[in-house]
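Let me begin by presenting the structure, written as structure tokens, before commenting on it.
The values are calculated or read from the model by the stated rules, or taken from the named source; none is laboratory data. Please read these numbers as outputs of a predicted model, since none were measured by experiment. Heads up, the Cβs are rebuilt from the backbone with ideal geometry, glycines too, and the neighbour counts pull from every protein chain shown. Just the protein is used for accessible areas: all its heavy atoms, side chains included, with ligands, DNA and RNA removed. Shrake-Rupley method; radii C 1.70, N 1.55, O 1.52, S 1.80 Å.
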Amino acid sequence: MTFTAPIQMPGLALDPQWYRRAVFYEVMVRSFVDSNGDGAGDLSGLISRLDYLQWLGVDALWLPPFYQSPLRDGGYDVSDFHAILPEFGTLEEFRDLVTKAHERNMRIVIDYPLNHTSDAHDWFQQSREDPEGPYGDFYVWRDTDEEYKNIRIIFVDTEESNWTFDPVRRQFFFHRFFSHQPDLNFENPAVREAVFDTVRFWMDLGVDGIRLDAIPYLFETEEGNGEGEPETHQFIRDLRTMIDRDYPGRILIAEANQWPQEVVQFFGTEEEPECHMAFDFPVMPRIFYSLRSQQAGELIRILSEATDVPSGAGWGVFLRNHDELTLEMVSEEYRQAMYGWYAYDPRMRSNIGIRRRLAPLLDNSRAELELAHALLFSLKGSPFLYYGDEIGMGDNIWLPDRDSSRTPMQWTPDRNAGFSTADPGKLYLPVVQSLVYNYNLVNVESQLAQSRSLLHWVRNVIHVRKAHPTFGLGELRMLQTDHESVLAFVREYEGSGSQFGDAPEKILCVFSFAHNPVSVTIQMDELGGSSLYDLFGGGQFPTINEDGSVTLTLGTQSFYWLHVGESHFAGGRS
Ligand code: BGC
């Protein structure tokens, strides 16, 4: 496979707000390409497919942890933050990845699980053996398991308590996640300094950003629930101050699985900023809820919630990632409904969520896949794709835990889906061979050869989005409709900076979740008399009535992106 996307000027284009316009792509190094035939993906393999990612329109990669690790939690259990797991490659290869990505104007964001380490980390080994030594106070040790009763257990499928007794030190240690992942003691200034050192280490290697894994959980208090305590926010502010001073232009992304009012606190304020970006956890499950309930109401409610964020703050919108589709941010009633629709087999469930990939969740329905992606690419924030979803890869619910959706990327119909030349039995996980998603059928090569494949469709929608910076930088204003299945909003931006000139831009986005065609009247108030043009094909739509209303018909589970004003045709709809 060859990709002919032109390589741009060496180095990165200067744009302090690059993250607000970027299309992100989450790729696990282990799962993408195996360059040396040992059965696991590696950095060299990833480098060899940068052309593919550039062709797709990806601006930034998010790499989940590739550090030294026993891999008992997909690499989120780190045993050395300054070393790369040898099966993934070397620091030299990482440097090469950064250089080659930057040559393509593509950024690299790494993942940093700073809240905890693996119990195999040397700090923990020293801490348990020598309480009086330099690492004695690096973890949260207690004589009993009585403290922090308000702190919830996250991995409810495997853990009964956040405390585990260590037979070596003969004390309990605290952990938010698995019992092999002790929490670091952020009260200890030496821990905070060690975290700063790690951030500097990777920034010096040229990374453009860091996803702060599990960020709400750094500090715990007896009164609070240990999620976003004031001390945690102070720590992030200090980190941001250091980044702005020593590494301007690099970003921090918050992984905070919380309600909007709590998540926004991780942006900080105009005067005292914290993270540049935060993932939008509340919106994600509501997209899936709307698809099955045929009701737009829940999505409208959450999108209408007033959340004041500092200028420059950016949301990270996503459909799926390497974790379960978490249902923590929905009520019990909605959660049960979603289990019924999306996790009818108990094997599909994991903790408080669903461990399936996007295409199987949507029953491989092309209409639903397009509708979900259209939301992903037009909601407020930057889209984060999960590797393989651009070709509608399947999952394997017979694998344990979240491995179900971490299987090898499917490149070709050849052995191991073109992922690796190893003996198939040696792969870190088997490739998907199910009836519908078999790698013989679902792979990059075959989708490249079909002009109407999902892959070409996703690429096209990415390029249409990128031709209109309004999607990244503009405001989102909800509109009234007279149909319960329809969501409508305007994205608007003063001075669009698009390829069509600098005039203010307005884009009407309409989505129907109904399982039948519908006719809907949308109220656009002050836009009465304006023309509407399809952003994909350029076709003219009904003009908005003088009273600001416009009536549109939408096919089953479909959407429009319509330019308000004149035609802004940016390319064909494949
Ligand atoms: C990551 C998970 C991981 C957990 C513990 C999360 O937020 O996304 O994959 O298991 O942190 O590190």
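Which Cα, out of Val191, Pro282, Ala422, lies furthest along the positive dipole direction of the chain (beta carbon charges, K/R +1, D/E -1)?
Looking along the dipole axis, the top candidate is Ala422.
With the other protein chains left in place, how much accessible area per residue, in square angstrom, belongs to the chain at a 1.4 angstrom probe? Please report the intermediate quantities before stating the final value.
Working: 21150 Å² over 574 residues.
Accessible area per residue: 37 Å².
Calculate how many DSSP beta bridges within the chain are antiparallel, expressed in % of all such bridges and rounded to the nearest 5. It would help to have the intermediate numbers written out before the result.
On the way: 45 of 71 bridges.
Within the chain, antiparallel bridges account for around 65 percent of the total.
Once the other residues with Cβ under 14 Å from the Cβ of Thr307 are scored (Lys, Arg +1; Asp, Glu -1), what is the net sum?
Numbers: positive: Arg301, Lys380; negative: Glu262, Asp280, Glu305, Asp308, Glu475.
Net charge in that neighbourhood comes out at -3.
At a 10 angstrom cut-off on C-beta neighbours, averaged per residue, how do the peptides 212-219, 173-180 rank from highest to lowest? All intermediate terms of the calculation are to be shown ahead of the outcome.
Working: 212-219: 24.0, 173-180: 21.2.
Top of the packing list down: 212-219, 173-180.
Counting only protein heavy atoms and using a 1.4 Å probe, what share of the accessible area of the range 428-574 belongs to carbon plus sulfur, as a whole percent? Can you show the working numbers first?
Numbers: 2880 of 6030 Å².
Of the solvent-accessible surface of the range 428-574, carbon and sulfur hold 48 percent.
Ser382's amide H: which non-local residues (gap 5+, or another chain) put their own amide H closer than 5 Å, with H modeled 1.01 Å from N in plane and none for Pro or chain starts?
Correct list: Trp315, Gly316, Val317.
Compare the peptides 75-85, 425-435, 345-355, 59-69 by average per-residue count of other Cβ atoms within 10 angstrom and give them in order, highest first.
Values: 75-85: 20.4, 425-435: 15.8, 345-355: 18.0, 59-69: 23.2.
For the peptides 75-85, 425-435, 345-355, 59-69, the packing ranking is 59-69, 75-85, 345-355, 425-435.
Can you list the residues, at least 5 places off or on another chain, whose amide H is less than 5 Å from the amide H of Ser350, using H built in the peptide plane?
Amide H to amide H, under 5 Å and 5 or more residues apart or across chains, Ser350 pairs with Arg355.
Take the solvent-accessible surface of the protein heavy atoms, probe 1.4 Å, and return the percent of it on the range 5-139 that carbon and sulfur atoms account for. Kindly include the intermediate steps, with their values, before the conclusion.
Working: 2270 of 4700 Å².
C and S fraction of accessible area: 48 percent.
Write down the radius of gyration of the chain and its Dmax, each obtained from C-alpha positions, in Å.
Values for the chain (Cα only, Rg and Dmax): 23.7, 78 Å.
Of all accessible surface on the range 265-358 at a 1.4 Å probe, what whole percent is carbon and sulfur?
Numbers: 1560 of 3290 Å².
Exposed carbon and sulfur together represent 47 percent of the surface.
Going highest first, how would you order 220-226, 274-280 by mean Cβ packing within 10 Å?
274-280, 220-226
For Ala337, what charge total do you get from the other residues with a beta carbon under 11 Å from its beta carbon, if Lys and Arg give +1 and Asp and Glu give -1? Working shown, then result.
Values: positive: Arg292, Arg335; negative: Glu298, Glu332, Glu333.
Net local charge, Ala337 excluded: -1.
Need one word for the range 126-215: rounded, prolate or oblate. Basis is the Cα gyration tensor (sqrt eigenvalues a ≥ b ≥ c); a/c below 1.5 gives rounded, then a/b vs b/c decides. Let's see the in-between values first.
Values: a/c = 2.49, a/b = 1.40, b/c = 1.77.
Note, shape of the range 126-215 comes out oblate.
For the chain, what is the calculated [θ] at 222 nm in deg cm²/dmol (nearest 500), taking -39500 (n - 2.57) for each run of four or more DSSP H residues and dividing by its residue count?
On the way: 17 runs with 146 residues, N = 574.
Rounded to the nearest 500, it is -7000 deg cm²/dmol.
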